[in-house]
Amino acid sequence: MTAHELSDGVVTLRAPRAADVDDMVAAAADPESTRWTTIPPSYGRADAEERVVSVAASWRDGTAYRWAVECGGRFAGSLDVHLGPVPEIGYVLAPWARGQGTMTRAVRLATRWAFDRGLPVVHWWAHAGHLASWRVAHACGFTFHGERPLSIPYRDGLRDGWFASLRPGDDPRPRTTWWPVPVLDGDGVRLRAHTDADVARIVEACSDPRTRRYLTGLPHPYTAASVREFVRGRRLAESLGRAVTWAVADRTDDRLLANVAVFAMTGGTDPAGGEVGYWAHPDARGRGVVTEAVRLAVDHAFRPVADGGLGRRRLRLGAAWSNDASRQVAERAGFTLVGRHRANALLGDGTYTDGAWYDRLADGT
């Protein structure tokens, strides 16, 4: 069998050609490609020429469906569906073709063709944190199965991996809402996505004794690696429709002041519910920063989806009964105390205290 050409009128899957070699080398040399794949930094013309030959061999011996991705008459990337023993898909896209839906179109073409030829499933995996690759699989209807530690080979050993799959008959559209993290401006604060510049401040906040007294699940010691794992988990939760998490920054100098999230948006009895959580850097406490951040997050949560919000109907908020500062934030943000749960909250010293539970409805009550 030779490479079967597929096209949706915008993207074409075809056999790679000698004329693609320079573009193949350029795509492989891109920092994002070398960061997330096992493509060697030394990848050169000889490697690209060898791929042209090996792709043809794979089609002949029936071990894989492998294509060049073409868009606008130009080589845009590579896509492989390996047939077994576990069918899996992999792809690399040139920088100029990213952010346009190019690879999403390519994956839909490839998986449809593979399923028509009897493949029972196509598995996807990537290094944990590779959001660009997951965004493609997510858009094509892949079901996320979870993260496994040290499960994917890399040049220097093993890395944590994300795993998903697609089966014949699955809807080739996203299975979950991928919530964006919009910038929200308020009085002196800006809610935005986390950046690398936030790492040191997050370490300070999550190492603070007061923070650790009430957030007992934090790793110890809390390191830069802990921050990366935290942010990675928050971005993944957004892709699965579970939560939206913001860094709360100073509007003047963009310094991280706090963190606020709307989470628990799936899996409960109320599909339009959610929960609010927050913490503050020690030097941001007592200034109204968190109250303003919660107000912004809650307004966004109650805004209809059609208007760019989360479309929530009801939000809840829990705090240790003894955490006066957190409870004051809840009350100033319009939440109503609805219950006291006995011995509900574990504290950092190993003791339990009662939990204060609040809620607020979209109509303001």
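Would you please give the FRET efficiency between Glu49 and Phe263, computed as 1/(1 + (r/R0)^6) with r the Cβ-Cβ distance and R0 = 45 Å, to the nearest 0.05? Don't skip to the answer; put the middle values down first.
On the way: r = 50 Å, r/R0 = 1.10.
Step by step, r from the Cβ atoms, then E = 0.35.
Antiparallel DSSP bridges in the chain: what percent, to the nearest 5? Numbers along the way, then the final one.
Details: 66 of 72 bridges.
Bridges in the chain are about 90 percent antiparallel.
Which value in nm describes the separation of the simple spin-label points at Thr223 and Ser207, placed 7 Å from the Cα toward the beta carbon?
Rounded to a tenth, the inter-label distance reads 1.2 nm.
Which value in nm describes the separation of the simple spin-label points at His4 and Leu150, placed 7 Å from the Cα toward the beta carbon?
In this crude spin-label approximation the distance works out to 4.1 nm.
Obtain the radius of gyration and the Kirkwood radius of the chain from its C-alpha atoms and give Rg over Rh. Walk me through the numbers on the way to the answer.
Working: Rg = 24.0 Å, Rh = 22.9 Å.
Ratio value, two decimals: 1.05.
Looking at the stretch 184-361, what % of the alpha carbon pairs are farther apart than 27 Å?
Numbers: 3563 of 15753 pairs.
Above the 27 Å cut-off, the stretch 184-361 has 23 percent of its Cα pairs.
Using Cα-only point scatterers and the Debye equation, what is log10 of I(q)/I(0) for the stretch 162-244 at each q in 0.26 Å⁻¹, rounded to two decimals?
Cα-only, vacuum Debye calculation for the stretch 162-244: -1.28.
How large is the convex hull of the C-alpha atoms of the stretch 6-166 per residue, in Å³? Please report the intermediate quantities before stating the final value.
Numbers: hull volume 18.1 nm³, N = 161.
Each residue corresponds to 112 Å³ of Cα convex hull volume.
Would you compute, from DSSP H runs of 4+ residues alone, the mean residue ellipticity of the chain at 222 nm, taking -39500 (n - 2.57) per run and dividing by the full residue count, rounded to the nearest 500?
Numbers: 10 runs with 110 residues, N = 365.
One gets -9000 deg cm²/dmol as the mean residue ellipticity at 222 nm.
Determine, for each peptide in 82-88, 130-136, the mean count of other beta carbons within 10 angstrom over its residues, then list the peptides with the highest first. Each step should come with its number before you reach the end.
Numbers: 82-88: 13.9, 130-136: 19.4.
Highest to lowest by the protection proxy: 130-136, 82-88.
Once you put a point 7 Å from the Cα of Ser42 and another 7 Å from the Cα of Asp61, both along the Cβ direction, what distance in nm separates them?
Using points 7 Å along Cα→Cβ, the separation is 2.4 nm.
Under 16 Å from a point placed 7 Å out from the Cα of Ala272 along the Cα-to-Cβ direction: which residues of the stretch 303-336 have their backbone N that close?
Correct set: 303-316.
If Lys and Arg each add +1 and Asp and Glu each add -1, what is the summed charge of the other residues whose beta carbon sits under 14 Å from the beta carbon of Val262?
Values: positive: Arg234, Arg242, Arg295, Arg303, Arg312, Arg313, Arg314, Arg316, Arg360; negative: Glu238, Asp270, Glu275, Asp299, Asp359.
Combined, the nearby Lys, Arg, Asp and Glu give +4.
Pull out the extension gain between Trp96 and Leu361, defined as 0.36 nm times the separation in residues minus the alpha carbon to alpha carbon distance; nm, one decimal. Numbers along the way, then the final one.
On the way: separation 265, 0.36 × 265 = 95.40 nm, distance 4.52 nm.
Value of the extension gain: 90.9 nm.
With θ set to phi - 60° and the Karplus curve 6.51 cos²θ - 1.76 cosθ + 1.60, what are the ³J(HN,Hα) couplings of the stretch 209-221 in order, to the nearest whole Hz, using x for Gly and Pro?
Values, residue by residue: x, 5, 4, 6, 5, 9, 10, 6, x, 5, x, 9, x Hz.
Over the alpha-carbon set of the stretch 78-142, work out the extent along each principal axis and list the three values in angstrom, largest first.
That gives 33, 23, 20 Å along the principal axes, largest extent first.
Which distance in Å, rounded to a whole number, links the C-alpha centroids of the stretch 300-365 and the stretch 238-281?
The stretch 300-365 and the stretch 238-281 have Cα centres separated by 13 Å.
Name the long-range amide H neighbours of Val189: under 5 Å, sequence gap of 5 or more, or other chain; modelled H, no Pro or chain starts.
When sequence neighbours closer than 5 places are left aside, the close amide H contacts are Arg251.
Below 8 Å, C-alpha to C-alpha, sequence gap of six or more: please give me the relative contact order for the stretch 184-361 in percent.
On the way: 332 pairs, mean separation 34.2, N = 178.
Rounded, it is 19 percent for the stretch 184-361.
Taking Cα atoms of the stretch 197-286, Rg/Rh with Kirkwood Rh, to two decimals? The partial results should precede the final answer.
Details: Rg = 13.7 Å, Rh = 13.9 Å.
Reported Rg/Rh, Kirkwood definition of Rh: 0.98.
Using the Cβ atoms and a cut-off under 13 Å, what net charge is assigned to the surroundings of Met24, where Lys and Arg are +1 and Asp and Glu are -1?
Values: positive: Arg17, Arg45, Arg51, Arg66, Arg74; negative: Asp20, Asp22, Asp23, Asp30, Asp47, Glu49, Glu50, Glu70.
With Lys, Arg at +1 and Asp, Glu at -1, the neighbours total -3.
Tell me, what HN-Hα J-couplings in whole Hz come from the Karplus equation 6.51 cos²θ - 1.76 cosθ + 1.60 at θ = phi - 60° for each residue of the stretch 140-157, using x for Gly and Pro?
Coupling constants for the stretch 140-157: 8, x, 5, 8, 7, 10, x, 10, 10, x, 6, 10, 10, x, 9, 4, 9, x Hz.
Normalised by the number of residues in the stretch 19-124, what is the relative contact order in percent for Cα pairs under 8 Å and 6+ residues apart? Numbers along the way, then the final one.
Numbers: 123 pairs, mean separation 22.4, N = 106.
Relative contact order, the stretch 19-124: 21 percent.
Contact order normalised by length for the chain, with contacts defined as Cα pairs under 8 Å and 6 or more residues apart; what percent is it?
On the way: 688 pairs, mean separation 34.7, N = 365.
After rounding, I find 10 percent.
Mind listing the phi-derived Karplus ³J(HN,Hα) values for the stretch 303-320, rounded to whole Hz, using 6.51, -1.76 and 1.60 with θ = phi - 60°, and x for any glycine or proline?
In residue order, the calculated couplings are 5, x, 4, 4, 9, x, x, 9, x, 7, 9, 8, 10, 10, 8, x, 8, 4 Hz.
Summing +1 for each Lys or Arg and -1 for each Asp or Glu, what net charge is found among the other residues whose Cβ lies under 11 Å from the Cβ of His130?
Numbers: positive: Arg35, Arg135, Arg159, Arg232, Arg235; negative: Glu32, Asp160.
So the environment of His130 carries a net charge of +3.
Rule-based calculations on the coordinates, nothing more; no lab input. Since we're looking at a predicted model, the values are computed, not measured. Cβ atoms come from the backbone with ideal geometry, glycine included; neighbour counts cover every protein chain shown.
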